[in-house]
Amino acid sequence: MTIEQDTGSAPPSILTLLAKIEAIAKSPPKTEAKTALDKACQAAKKEYMDFSGIVDAYKTEYPALKGDMLKTARAQRDEAKSAIDDDDEIDQPTRDAIEALRHHYDERAKALLESKDQTSQDLADTQSALTVAETAVADARTTLDASKVFAATAKGWYSDIAGLHAAIKASTSTTDRRRVYALFLELEDVYANKVLARFGPHPAPGKAATPDWLLGKLNAELRALIEAHCGKYTAHAAALEATAAAETAAAAVTEFIEQNGRRAAFLREAQDVVPKETPTTPETLDPAANQAA
């Protein structure tokens, strides 16, 4: 199914998109696929209307995340960095070796994720179009749900920093310098790549975790979910059509061949066949002579 886009560069609003899909879902004839599409459309509409409440709630979270939590995270990160910079018990070659080891573990993790994605893709390639479409809906659903709990995720990053900071202080008290440095690298990763990138003074372009950013993200991911449902509808309708055609064909075979429908029809028609006029010969006049021959 193709959803026509509004003229211009901007995509249609969510409600405009849903209105177009509703028209398709409610158009005759009524089918199982259209009923499923309409149900998904109504659920998406409710989700869209709930977004304002999600964003309003996030407005109370955002100042805290960007304010006191960010200051605390920066202080913990700086304290850990100071412990590393002031330390003279771990030389640069050892630091380089620890960073190389960390890179090795990062690469292993990346390879495992790539392998997982590839095997998932291989599996999807062997499945029916409907199953692939259902997977796309599930993936879009997961992405949207993750964004709806973004504040909790962000708080989890701050908890990671606090935990790593506490581990660094505990290790410092036992002078386990290599472990302290390794912990710092992990803390730096969380601080720089997650917290600072989202809430710091220099967020990635268009990625500042403001309420407006969250609303835009939710809308984009809801649109992806709606489009996934449209793809599922197309696959569902095609699957139903193919199933009906296959069932009709199978029934025809059963009736005509397996249940002797062909033979019955043949015999019924054969008895009414008008023979063509045959030439008069001695054999046709005397069947006994013909049989003897």
ask   = Within the range 110-126, can one find any residue that is under 30 Å from Phe150 (Cα atoms), at pLDDT 90 or above and open to solvent by 80 Å² or more (accessible area, probe 1.4 Å)?
value = no
inquiry  = Regarding the range 155-174, can at least one residue be identified that is at positive phi, in a loop (DSSP other than H, G, I, E, B) and exposed (fewer than 15 other Cβ atoms within 10 Å of the Cβ)?
reply    = no
note = Residue pairs within 7 Å by beta carbon, gap of at least six or interchain, first lying in the range 68-82 and farther than 15 Å from Val180 by Cβ, second of a type in the set (A, V, I, L, M) and surrounded by 14 or more Cβ atoms within 10 Å (Cβ to Cβ), listed first then second, are Leu70/Val195; Ala73/Ile161; Ala73/Val195
ask   = Is it the case that the range 171-182 has a residue that's modelled with pLDDT of 90 or more and aliphatic (A, V, I, L, M)?
value = yes
query = Taking Asp38, is it of a type outside the set (A, V, I, L, M, F, W, C), open to solvent by less than 50 Å² (accessible area, probe 1.4 Å) and either touching a Ser or Thr at 6+ places or on another chain (Cβ under 6 Å) or modelled with pLDDT of 90 or more (or both)?
reply = yes
request  = Considering only residues that are within 30 Å of Arg223 (Cβ to Cβ) and among the charged types (D, E, K, R), look in the range 43-94 and name the one that is least open to solvent (accessible area, probe 1.4 Å).
outcome  = Glu47
request  = For the range 207-214, state whether one or more residues are within 24 Å of the chain's Cα centre (by Cα), modelled with pLDDT under 70 and on the phi > 0 side of the Ramachandran plot.
outcome  = no
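The values are calculated or read from the model by the stated rules, or taken from the named source; none is laboratory data. Just so you know, these numbers come straight off a predicted model, no measurement behind them. Heads up, the Cβs are rebuilt from the backbone with ideal geometry, glycines too, and the neighbour counts pull from every protein chain shown. Note: areas computed on protein heavy atoms with side chains; ligands, DNA, RNA excluded. Shrake-Rupley method; radii C 1.70, N 1.55, O 1.52, S 1.80 Å.
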